[in-house]
Amino acid sequence: MKELFVKTEQQKNWLEKLATLEQTVKNNAAQIDEESSFPREHIRLLREIGYTKITLPKELGGDGLNVFEAIALQETLSSFDGSTALATAWTLLTVGELFENKYWEPTKLASFAEAVKQGAIINRAVSEVATGSPIRGGRPGTQAVRQGDKWVINGRKSYTTGSPELDYFLTSAWIEEKEKVGFFLIHKDTPGLSIDETWDVIAMRGTGSHDLVLENVVVDDSDLVELPTYNTGFKLNGWLLLIPATYLGIAQAARDYALRFANTHSPNSIQGTIASLPNVQSLLGEIELELTTARFALYGAAQNYVELKQKEKEGYELTEAEGTVIVNAVNTAKHVVTNAALKVVDKAMRVVGAKSLQRQNPLQRYYRDVRAGLHNPPMDDLTIKKLAEFALKQDENKGDR
C-alpha cells in the first residue's frame with residue numbers, strides 16, 4: 001500500500017539507498033532496546049548516505065524533499081528500527097520547517113545550511129518537567145539574560161531526542177526583557193552545555209531523549225534566531241507528520257511479522273498453516289484496514305499541506321479558517337495514525353499468540369514502542385478539543401448569516 005504514495009524517482013532512489021542499511025539496522029535493534037543504548041552507528045551510516053539532509057533545499061546542497069516525499073522514507077526506516085527513525089525524524093522535520101518558512105536571518109540560515117550539508121543534525125529543545133508539553137502553552141523555566149552583546153542561558157530541558165549525537169540544540173528560553181519566548185541556536189561544544197542521561201523508559205529506549213542541561217551558557221546575540229509570535233504549538237507545521245510516519249513504520253513491521261508467522265506456523269492440530277483459520281484471516285484483514293486508513297489520513301494531510309505551501313509561494317494569502325483546517329488535518333492524521341499503530345500491533349500479537357510475549361520476539365518491542373506515540377505532540381485530547389472548537393465556530397458563523 002505504501003507504494004501508492006511513492007511518486008518520484010528520487011523517492012525510489014532513496015528507498016533503494018535505505019535498503020542497503022536494512023539488515024544492519026534490523027540486526028542491531030534488539031540490542032539497542034535491551035541496553036537502552038543510542039544507535040550511534042546507525043546515525044553515522046545515515047549521515048554517510050546523506051539521509052540527514054534530504055529535507056535541505058537542493059540549492060543549498062540537500063535533496064529538497066517535501067514532507068509528502070519524505071514520509072515514505074521515514075516509514076521505511078522506522079520499520080527497520082523505531083528508535084533510529086524517531087531520532088532522525090526530528091532533524092528532518094526541523095530542517096524542513098526552518099528552510100521552508102525561512103525563520104532565520106538569511107546569513108544565519110546559509111551558514112547553518114552548510115553545516116547540515118556536511119551532516120550536522122539538530123533538534124528543538126523545548127520540553128521541561130515543570131511546564132509539561134510545550135504545545136499546551138506553558139512558559140519555559142529556562143531563562144536567557146542579556147549581558148552586553150551576549151546572552152547567558154540557564155535551564156534544563158527534558159525529552160531531548162537524539163541528544164548523544166546532536167550537533168545543534170534549538171533551545172527555547174524565556175527572555176524577561178522582551179516578555180516572550182525566544183529560540184537560541186546552541187552548538188554542542190558550547191561551554192556549560194551538558195547531557196544528563198536520564199532516559200530510562202520502556203518504549204523507544206534507544207532515542208537518547210535525555211535532559212539537556214544549560215549552566216551559564218553564553219551565546220552571541222546572533223544566536224537568538226527566533227522570536228515566535230504564536231503562544232502555543234498550534235501553528236501550521238506539516239513537517240510534524242514525520243513523527244506519526246515513524247509509528248506507522250513500526251506498525252508495518254508488526255504486520256509483516258504477523259503475516260510471515262501466519263503463513264509458516266503449522267501446529268499439528270490443523271492441516272496446513274494458521275493462515276487458513278477464519279479468526280486469523282479476520283485479524284489480518286483488520287490490520288490491513290487499519291494501515292490503509294492510516295496511510296490515507298497521513299499522506300492526504302501531507303499532500304494538502306504541500307499544495308497549500310505552494311500556493312503561498314505563489315502569493316496566496318492564507319485565511320485563518322484555512323490555516324485552522326490544515327492544522328486540524330495534520331493533528332487528526334497524527335491521532336489516527338498513532339492509534340491505528342496501537343491496534344495493528346495488538347492484532348499482530350493476537351495472531352502470533354503467546355510467542356509474541358517472548359523477549360526475543362520483536363512484537364513485544366513494537367508493542368512498547370508504539371505506545372510512545374501517544375505522548376508526542378499533539379496529544380489526543382488537544383486534537384479532539386480543537387476539532388470541536390472549530391466545528392462549533394463554523395456553526396456559529398452560519399447562524400450569523
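Couple of notes before you dig in:
- Scanning segment 30-37 turns up no residue that is in contact with a Ser or Thr (Cβ under 9 Å, 6 or more places away or on another chain), outside any helix (DSSP H, G or I) and among the hydrophobic types (A, V, I, L, M, F, W, C).
- Count of residues meeting criterion [touching a Phe, Trp or Tyr at 6+ places or on another chain (Cβ under 8 Å) and surrounded by fewer than 24 Cβ atoms within 10 Å (Cβ to Cβ)] in segment 66-81: 1
- Looking only at segment 102-127, and only at residues there that are among the small types (Gly, Ala, Ser) and within 25 Å of ILE243 (Cβ to Cβ), the one that is modelled with the lowest pLDDT: SER127
- Residue ID - farthest from ASN13 (Cα to Cα), chosen from residues in segment 51-65 that are surrounded by fewer than 20 Cβ atoms within 10 Å (Cβ to Cβ) and either in contact (Cβ under 8 Å) with a residue 24 or more places away in the chain or of a type in the set (Lys, Arg) (or both): LEU60
- Segment 151-167 - residue that is charged (D, E, K, R) and assigned to a strand (DSSP E or B) and, of those, surrounded by the fewest Cβ atoms within 10 Å (Cβ to Cβ): ARG156
- Residue-level analysis places VAL116 among those that are in contact (Cβ under 8 Å) with a residue 40 or more places away in the chain and assigned by TED's automatic domain parsing to the domain that holds ALA87.
- Among residues of segment 226-278, those that are at pLDDT below 95 and in contact with an Asp or Glu (Cβ under 7 Å, 6 or more places away or on another chain), counted: 1
- Restricting VAL145, VAL95 to those that are assigned by TED's automatic domain parsing to the domain that holds GLU177, of a type outside the set (S, T, N, Q) and more than 29 Å from ALA254 (Cα to Cα) reduces the list to VAL145.
- If you filter segment 271-305 down to residues that are assigned to a helix (DSSP H, G or I) and out of contact with any helix residue (DSSP H, G or I) (no Cβ under 8 Å at 6 or more places or on another chain), you find that the one that is surrounded by the fewest Cβ atoms within 10 Å (Cβ to Cβ) is PRO278.
- Every condition in (1) in contact with a Phe, Trp or Tyr (Cβ under 8 Å, 6 or more places away or on another chain); (2) without any contact (Cβ under 8 Å) to a residue 12 or more places away in the chain holds for THR131 except the one numbered (1).
- Sole exception among (1) among the hydrophobic types (A, V, I, L, M, F, W, C); (2) touching a helix residue (DSSP H, G or I) at 6+ places or on another chain (Cβ under 8 Å); (3) at pLDDT 95 or above for LEU308, by number: (3)
- Residues of segment 72-90 that are touching a Gly at 6+ places or on another chain (Cβ under 8 Å), within 28 Å of THR171 (Cβ to Cβ) and part of a helix (DSSP H, G or I): GLN74, LEU77, SER78, GLY82, SER83, THR84, ALA85, ALA87, THR88, TRP90.
- Test for GLY192: is it of a type outside the set (S, T, N, Q), out of contact with any Gly (no Cβ under 6 Å at 6 or more places or on another chain) and farther than 22 Å from VAL95 by Cα: yes
- Test: THR171 is assigned to a loop (DSSP other than H, G, I, E, B), more than 17 Å from the chain's Cα centre (by Cα), hydroxyl-bearing (Ser, Thr, Tyr) and in the same structural domain as ILE153 (by TED's automatic domain parsing): no
- Looking across segment 22-50, the residues that are farther than 23 Å from ALA115 by Cβ, buried (at least 17 other Cβ atoms within 10 Å of the Cβ) and touching a helix residue (DSSP H, G or I) at 6+ places or on another chain (Cβ under 9 Å) come down to VAL25, ASN28, ALA29, ILE32, ASP33.
- Residue pairs whose Cβ atoms lie under 6 Å apart, sitting 6 or more positions apart in sequence or on different chains, and linking a residue in segment 278-304 that is within 30 Å of VAL325 (Cβ to Cβ) to a partner that is of a type in the set (A, V, I, L, M) and exposed (fewer than 14 other Cβ atoms within 10 Å of the Cβ), are THR292/MET1; ARG295/MET1.
- Test: residue in segment 254-270 that is within 17 Å of TYR367 (Cα to Cα), acidic (Asp, Glu) and surrounded by fewer than 17 Cβ atoms within 10 Å (Cβ to Cβ): yes
- Criterion applied to PHE68, PHE5, PHE38 was being in contact with a Pro (Cβ under 8 Å, 6 or more places away or on another chain) and among the aromatic types (Phe, Trp, Tyr), and the one residue passing it is PHE38.
- Pairs, first under 19 Å from ILE250 (Cα atoms) in segment 373-385, second at pLDDT below 90 and not in a helix (DSSP H, G or I), C-beta under 6 Å, six or more apart: PRO377/SER133; PRO377/GLY233
The values are calculated or read from the model by the stated rules, or taken from the named source; none is laboratory data. The structure presented is a predicted model; accordingly, all values stated were derived computationally and were not measured. Cβ: placed from backbone, ideal geometry, glycine included. Neighbour counts: every protein chain shown.
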